[in-house]
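Single-structure report; data block below.
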Amino acid sequence: MSEKINIAIIGGGIIGCCLALELAKTQTDIYVFEKNAGITKGENQSSRNSGVLHAGIYYEQDLRPLKAKFCVQGNRLWYAFAKKYQLPCQQTGKLIVAKDETESRQLDHYLQQANVNGVPGVRKIGPDDIRQLEPNVSAYAALLVPTSGIIDPTTFLHQVYASASNRGAQFMPTTEVVDLELSNGAVMIHVRYRDGQQDHICANTVINAAGLRAVEIARMLDPQISIKTALIRGDSYKFYRSRRPQLLLRGMNVYPTPIVIDSPTGRHHTVGVHLTPTFDIVDGQTDIGDTVTVGPKLLPVEHIDDYSTPPPPPEAFLENMGFFPDLAASDLQYHQGGIQARLDGYHDFYIQADRHTSRVIHLLGIDSPGLTAAPAIAKYVAHLLK
Ligand SMILES: Cc1cc2nc3c(=O)[nH]c(=O)nc-3n(C[C@H](O)[C@H](O)[C@H](O)COP(=O)(O)OP(=O)(O)OC[C@H]3O[C@@H](n4cnc5c(N)ncnc54)[C@H](O)[C@@H]3O)c2cc1C
């Protein structure tokens, strides 16, 4: 490859691919370095997530302003992208349910936040309306969030990659970035290819979109960077909605009232164990499938590449799922696990230039709703580069 390139993107997950597509609209000589053997082959967050297009109601403007903004924008951008390329995507809507008056009051807070964040159409409904929408869901009240939906993440990833390639972005799989250094006003990228050969390439601009390893990459230039990762693993299980009439879910996302946990690293927000429908794609036609996923079961991460199957979930896994009362642990089979690029004590996306050079932009802590936010993040970074 040529010795000096314009833009290097480290990481070919959904963020790296959206960046390549966005930047290729106005720039040339863009390379994406990806250590996996292919863009949709291998382990990363973008291939191991729940595929939910979040609406953007969870994120507070003071604590998580980038998540609030990019989630709402990304949600809209993905629906338009899906329509353009006929991709597997359904605007299923979401119910966020309250089991009692206390949780119902908390929903009022999220309704207000939805309005502040510009999430369209959110309203509060009672038990009768809930049963009309999802007859097997039982709750005191719920927020109906119409812009929430589901996508097939791998198909989206592939389409973004194909569109970026068509616009001239070059993808370099099996190319691992092993070091970065500043050199004569440019950035020297040291890479290792599949055969173990090493090479170095100079880039005018580098964007670090390395997901779980993004902090590691940032440390190559700034060993003193104070931000730390606090990776978290989420496993999901599945059941078949046709198995018993009481398990029939018509096809909405169903979530409990979010839980806020106070811990030594600050307040952590978790969306709680929820139900997510999946697709059946038959002869190119997309419909809600028989499989419904249930998760996440959160686990600490012992090894960044460990995707081994955990033991079956304990009964306690379903204890906060009174809203779907007939589901039993015996209905569940293992679905998949994924690791999120969470940061320690920092709750928003971290998108900033390196302290030593504005030629390098780091995207750290791109955990959920990173899939939803990806096209909006790409537009923002393109704007930063201008
Ligand atoms: C279990 C789970 C459920 C989720 N559910 C949702 C959801 O429903 N909705 C939602 O919006 N978001 C969800 N997310 C979050 C979403 O999946 C991520 O925010 C998003 O995929 C992040 O994409 P990324 O490109 O930043 O990271 P990744 O997909 O992890 O990609 C980073 C890439 O960088 C590569 N890389 C790393 N180091 C190097 C190196 N040194 N050299 C070259 N390449 C390197 C990796 O191989 C990887 O392919 C979920 C995440 C998980 C794990």
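Suppose the filter is more than 12 Å from the ligand (Cβ to nearest atom), in contact (Cβ under 8 Å) with a residue 60 or more places away in the chain and charged (D, E, K, R); does Asp305 pass it?
no
Looking only at residues that are loosely packed, with under 13 Cβ neighbours inside 10 Å and touching a His at 6+ places or on another chain (Cβ under 8 Å) in region 263-309, which one is modelled with the lowest pLDDT?
Per the stated criteria, the residue is Gly266.
Could we say that Val160 is within 20 Å of Asn36 (Cα to Cα), under 23 Å from the mean Cα position of the chain (by Cα) and surrounded by 14 or more Cβ atoms within 10 Å (Cβ to Cβ) here?
On the way: within 20 Å of Asn36 (Cα to Cα): yes; under 23 Å from the mean Cα position of the chain (by Cα): yes; surrounded by 14 or more Cβ atoms within 10 Å (Cβ to Cβ): yes.
Considered against the rule, which asks whether it is within 20 Å of Asn36 (Cα to Cα), under 23 Å from the mean Cα position of the chain (by Cα) and surrounded by 14 or more Cβ atoms within 10 Å (Cβ to Cβ), Val160 comes out as yes.
Just to be sure I understand, how many residues within region 98-128 are in contact (Cβ under 8 Å) with a residue 24 or more places away in the chain and of a type in the set (Ser, Thr, Tyr)?
The qualifying residues number 2.
Any residue at all in region 78-91 that is crowded, with 17+ Cβ neighbours inside 10 Å, touching a Pro at 6+ places or on another chain (Cβ under 6 Å) and assigned to a loop (DSSP other than H, G, I, E, B)?
For region 78-91, residues crowded, with 17+ Cβ neighbours inside 10 Å, touching a Pro at 6+ places or on another chain (Cβ under 6 Å) and assigned to a loop (DSSP other than H, G, I, E, B): absent.
Can you tell me which residue within region 332-373, out of those that are away from the ligand (no atom under 15 Å from the Cβ) and touching a helix residue (DSSP H, G or I) at 6+ places or on another chain (Cβ under 7 Å), is nearest to Leu298 (Cα to Cα)?
Once the filter is applied, the top-ranked residue is Asp354.
Looking at (1) more than 20 Å from the chain's Cα centre (by Cα); (2) within 14 Å of the ligand (Cβ to nearest atom); (3) buried (at least 18 other Cβ atoms within 10 Å of the Cβ); (4) of a type outside the set (Val, Ile, Thr), can you tell me which one Ala169 breaks?
(2)
Can you spot a residue in region 58-68 that is within 11 Å of the ligand (Cβ to nearest atom), modelled with pLDDT of 95 or more and among the charged types (D, E, K, R)?
There is at least one residue in region 58-68 that is within 11 Å of the ligand (Cβ to nearest atom), modelled with pLDDT of 95 or more and among the charged types (D, E, K, R).
Among what's in region 204-216 and is in a strand (DSSP E or B) and crowded, with 23+ Cβ neighbours inside 10 Å, pick the residue that is nearest to the ligand (Cβ to nearest atom). Can you show your working first?
The initial filter retains those residues of region 204-216 that are in a strand (DSSP E or B), namely 204-208.
Next, only the ones that are crowded, with 23+ Cβ neighbours inside 10 Å stay: 206-208.
Working: Val206: 11, Ile207: 11, Asn208: 9 Å.
Per the stated criteria, the residue is Asn208.
Between residues in region 357-375 that are under 22 Å from Val119 (Cβ atoms) and residues that are among the basic types (Lys, Arg) and within 11 Å of the ligand (Cβ to nearest atom), which pairs lie under 6 Å by C-beta distance while being six or more apart or on different chains?
Asp367/Arg342
If only one of Arg233, Arg250, Arg219, Arg241 is surrounded by fewer than 17 Cβ atoms within 10 Å (Cβ to Cβ), among the charged types (D, E, K, R) and touching a residue at least 40 places away in the same chain (Cβ under 8 Å), which one is it?
Numbers: Arg233 fails: surrounded by fewer than 17 Cβ atoms within 10 Å (Cβ to Cβ); Arg219 fails: touching a residue at least 40 places away in the same chain (Cβ under 8 Å); Arg241 fails: surrounded by fewer than 17 Cβ atoms within 10 Å (Cβ to Cβ).
Result: Arg250 is the single residue among Arg233, Arg250, Arg219, Arg241 that is surrounded by fewer than 17 Cβ atoms within 10 Å (Cβ to Cβ), among the charged types (D, E, K, R) and touching a residue at least 40 places away in the same chain (Cβ under 8 Å).
Among the numbered criteria (1) over 27 Å from Leu66 (Cα atoms); (2) within 16 Å of the ligand (Cβ to nearest atom); (3) surrounded by fewer than 18 Cβ atoms within 10 Å (Cβ to Cβ), which one does Glu319 miss?
Here Glu319 clears every test but (2).
So the check is Cβ under 8 Å with 6+ separation or different chains; which pairs have a first residue in region 169-198 that's outside the structural domain of Asp29 (by TED's automatic domain parsing) and a second one that's loosely packed, with under 15 Cβ neighbours inside 10 Å?
none
Filter region 13-48 for residues that are crowded, with 24+ Cβ neighbours inside 10 Å, under 14 Å from the mean Cα position of the chain (by Cα) and not β-branched (Val, Ile, Thr) and give the result.
Gly13, Gly16, Cys17, Cys18, Asn44, Ser46
In region 340-359, how many residues are closer than 13 Å to Ala210 by Cα and of a type in the set (A, V, I, L, M, F, W, C)?
Matching residues across region 340-359 total 2.
The values are calculated or read from the model by the stated rules, or taken from the named source; none is laboratory data. In this text, all values refer to a predicted model and were calculated from it rather than measured experimentally. Positions of Cβ are backbone-derived with ideal geometry, glycine not excepted, and every protein chain shown enters the neighbour counts.
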